[in-house]
Every structure is written in structure tokens, then in C-alpha cells.
1. In segment 1-24, what residues are part of a helix (DSSP H, G or I), hydrophobic (A, V, I, L, M, F, W, C) and surrounded by 13 or more Cβ atoms within 10 Å (Cβ to Cβ)?
2. Which condition breaks for Q97 when tested against (1) at pLDDT 90 or above; (2) over 19 Å from the mean Cα position of the chain (by Cα)?
3. Evaluate the following for W89: is it outside any helix (DSSP H, G or I) and in contact (Cβ under 8 Å) with a residue 12 or more places away in the chain?
4. Going through S62, S81 one at a time, which residue ends up being free of Cβ contacts under 8 Å to residues at least 12 places away in the same chain, part of a helix (DSSP H, G or I) and either more than 12 Å from the chain's Cα centre (by Cα) or surrounded by 13 or more Cβ atoms within 10 Å (Cβ to Cβ) (or both)?
5. Mind counting the residues in segment 25-44 that are in a loop (DSSP other than H, G, I, E, B), open to solvent by less than 90 Å² (accessible area, probe 1.4 Å) and either touching a Phe, Trp or Tyr at 6+ places or on another chain (Cβ under 8 Å) or over 14 Å from R88 (Cα atoms) (or both)?
6. Could you list, in sequence order, the residues of segment 20-39 that are more than 15 Å from the chain's Cα centre (by Cα) and touching a residue at least 40 places away in the same chain (Cβ under 8 Å)?
Amino acid sequence: APQVVIDHIVHRFTDLERHFVKSVQLPVYGTSIKDIAAYVGFAWSGHDHWFAAFRDYETWLSNGDETALTRTCAYQSDDVSALAVVRRWMIENYPVQSE
């Protein structure tokens with residue numbers, strides 16, 4: 001985005017992982033969106049690994065396979081949805097600590 005846009009909205013952003021690590025301890029091995037979202041009940045609609053999505057994207061680039069493009073877009077969409085699910089879960093279960 002242009003710098004003027006960034007300057008206008010940057011104050012609205014927060015590092016969700018930093019708040020999560022400070023506020024929550026879950027019985028999972030990592031703090032990636034894949035680990036946390038799965039713990040709170042989110043399931044990816046297709047594959048749940050970035051490399052599979054990347055290979056689908058490369059397939060689409062190389063031969064125009066729209067099914068592969070649909071899978072990679074679904075993966076990206078699921079990542080965004082997973083963030084929203086985790087954010088909502090955190091708000092409902094753990095108040096954000098002041099800096």
C-alpha cells in the first residue's frame with residue numbers, strides 16, 4: 001500500500017501472536033496459526049500446508065489448471081478465516097494485556 005495509506009491505518013494493527021504468547025498457554029507444540037486454529041476447532045477445507053498450496057500455485061502458473069488455483073486460493077482464504085477464529089476465541093477467553 002502507499003505510505004499515506006499505511007500511516008493512516010497502521011495504528012489499528014496488532015501482533016496477534018505476541019498477545020497470544022503473552023496471554024495463553026495451550027497443550028500444543030507451536031504457536032503457528034495451524035497449531036492454534038486446529039486446537040480451537042478450525043479445520044482447513046483442503047490441504048493445510050503452505051508447500052502444497054505453493055505447488056498448486058506453480059501448477060496453475062505452468063498449465064492453467066483452474067482446479068489447482070482453486071485449491072491454493074482456498075488455502076489462503078482458510079488462513080485468513082483461521083486468524084479470525086483464533087482472534088475471536090482469544091477475545092472470548094483471554095483479555096488482552098496492556099503493553
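The values are calculated or read from the model by the stated rules, or taken from the named source; none is laboratory data. Small disclaimer: the values here were computed from a predicted structure and weren't measured. Don't worry about glycine lacking a Cβ; one is built from the backbone with ideal geometry, like all the others, and counts go over all protein chains shown. In case anyone asks, the SASA skips ligands and DNA or RNA and just uses the protein heavy atoms, side chains included. Shrake-Rupley method; radii C 1.70, N 1.55, O 1.52, S 1.80 Å.
1. Initial filter on segment 1-24 (part of a helix (DSSP H, G or I)): 3-12, 16-23.
Okay, now just the ones that are also hydrophobic (A, V, I, L, M, F, W, C), so 4-6, 9-10, 16, 20-21.
Listed by number, the residues that qualify are L16, F20.
2. (1)
3. Values: outside any helix (DSSP H, G or I): no; in contact (Cβ under 8 Å) with a residue 12 or more places away in the chain: yes.
No.
4. On the way: S81 fails: free of Cβ contacts under 8 Å to residues at least 12 places away in the same chain.
Of the residues listed, the single one that is free of Cβ contacts under 8 Å to residues at least 12 places away in the same chain, part of a helix (DSSP H, G or I) and either more than 12 Å from the chain's Cα centre (by Cα) or surrounded by 13 or more Cβ atoms within 10 Å (Cβ to Cβ) (or both) is S62.
5. Residues that pass the stated criteria total 8.
6. Applying the first criterion (more than 15 Å from the chain's Cα centre (by Cα)) to segment 20-39 yields 21-29.
Result: K22, S23, V24.
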